[in-house]
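Single-structure report; data block below.
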Amino acid sequence: MNMTEKIADGSSLTAEDVENYLRKNQGFFLARPELLAELSIPHRSGEAVSLVEKQVKVLREQNEQARKRLHELMEIAKLNEDLAHRMHHLVLTLIDAADPEEIFKTLYENLKRNFRAEAVAIRLFAQPSGPEFLTMAEFAGNEAEAAGLFETLIEKRLPTIGAPDSAQQAFLFGPDGAEITSVVLVPLRGSNWGGVMAIGSSDPDRFQKGMGVELLANMGEVLSFILKPWIAY
């Protein structure tokens with residue numbers, strides 16, 4: 001029995017009946033402003049408060065929340081714009097670097113500062129017939145050895161975010177790797193070599209799945225390009 005049938009039948013309406021009716025007829029009070037003005041609801045003080053007053057208060061609170069959210073979004077936009085400028089300056093600095101040692105040192109310091117990361121690591125993998133990277137501290141073996149640790153990264157060539165396993169922690173960050181509980185892993189790729197750029201934090205919530213890492217993905221592409229002259233045959 002619906003609300004109309006109950007009224008016609010003389011049955012008592014429950015609070016649920018009224019609630020369901022108003023949910024289905026959300027323009028009810030808009031069409032009856034005089035009724036809305038007459039209604040009141042209990043207040044914690046024991047007195048009654050106008051329903052219109054209550055609605056105005058709710059709308060005011062919603063508007064304040066929206067204003068705060070808009071302010072937060074504007075602040076995020078400013079931060080992203082500033083970060084984009086810093087990353088652009090970093091790219092120019094890396095292009096002018098004298099050697100790989102300067103490239104890596106500049107990159108480590110900059111990423112730690114701009115992404116509030118506690119650890120940054122770059123590990124390069126040669127194909128079986130690829131270069132040996134004998135002069136680079138970042139060289140860490142061949143792709144066959146790294147495939148088990150970074151299988152998804154190597155196959156999909158897309159950044160991955162989340163908690164590293166213990167083997168990845170040790171491989172990337174050494175003895176102190178156990179403190180790193182969230183990472184961004186960015187693939188690096190040359191014609192006959194591959195690698196990973198890792199940015200880590202001891203805060204498990206710092207880097208989580210779903211985060212935007214477009215700038216870091218772009219940085220991986222830039223680094224791969226900049227390294228080509230130094231590690232190609």
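The values are calculated or read from the model by the stated rules, or taken from the named source; none is laboratory data. Note that the structure is predicted; figures quoted are calculated from it, not measured. Cβ sites come from the backbone with ideal geometry, for glycine too, and all protein chains shown count toward neighbours. These accessible areas exclude ligands, DNA and RNA; they are computed on the full protein's heavy atoms, side chains included. Shrake-Rupley method; radii C 1.70, N 1.55, O 1.52, S 1.80 Å.
List of remarks:
- Whether a residue is out of contact with any helix residue (DSSP H, G or I) (no Cβ under 9 Å at 6 or more places or on another chain) and either aliphatic (A, V, I, L, M) or open to solvent by less than 10 Å² (accessible area, probe 1.4 Å) (or both) was assessed, and Val196 does not pass this test.
- Residues in the range 221-233 that are in contact (Cβ under 8 Å) with a residue 24 or more places away in the chain, among the hydrophobic types (A, V, I, L, M, F, W, C) and open to solvent by 30 Å² or more (accessible area, probe 1.4 Å): 3 in all.
- Selection status of Phe104, at pLDDT below 80, open to solvent by less than 50 Å² (accessible area, probe 1.4 Å), under 16 Å from Leu223 (Cβ atoms) and not charged (D, E, K, R): no
- Residue in the range 206-220 that is part of a loop (DSSP other than H, G, I, E, B), touching a residue at least 24 places away in the same chain (Cβ under 8 Å), touching a strand residue (DSSP E or B) at 6+ places or on another chain (Cβ under 7 Å) and β-branched (Val, Ile, Thr) present: yes
- Just one of the numbered conditions (1) surrounded by 19 or more Cβ atoms within 10 Å (Cβ to Cβ); (2) under 22 Å from Ala84 (Cβ atoms) is not true of Ala146: (2).
- For the range 113-125, the set of residues classified as of a type outside the set (A, V, I, L, M, F, W, C) and either without any contact (Cβ under 8 Å) to a residue 60 or more places away in the chain or in a loop (DSSP other than H, G, I, E, B) (or both) consists of Arg113, Asn114, Arg116, Glu118, listed by residue number.
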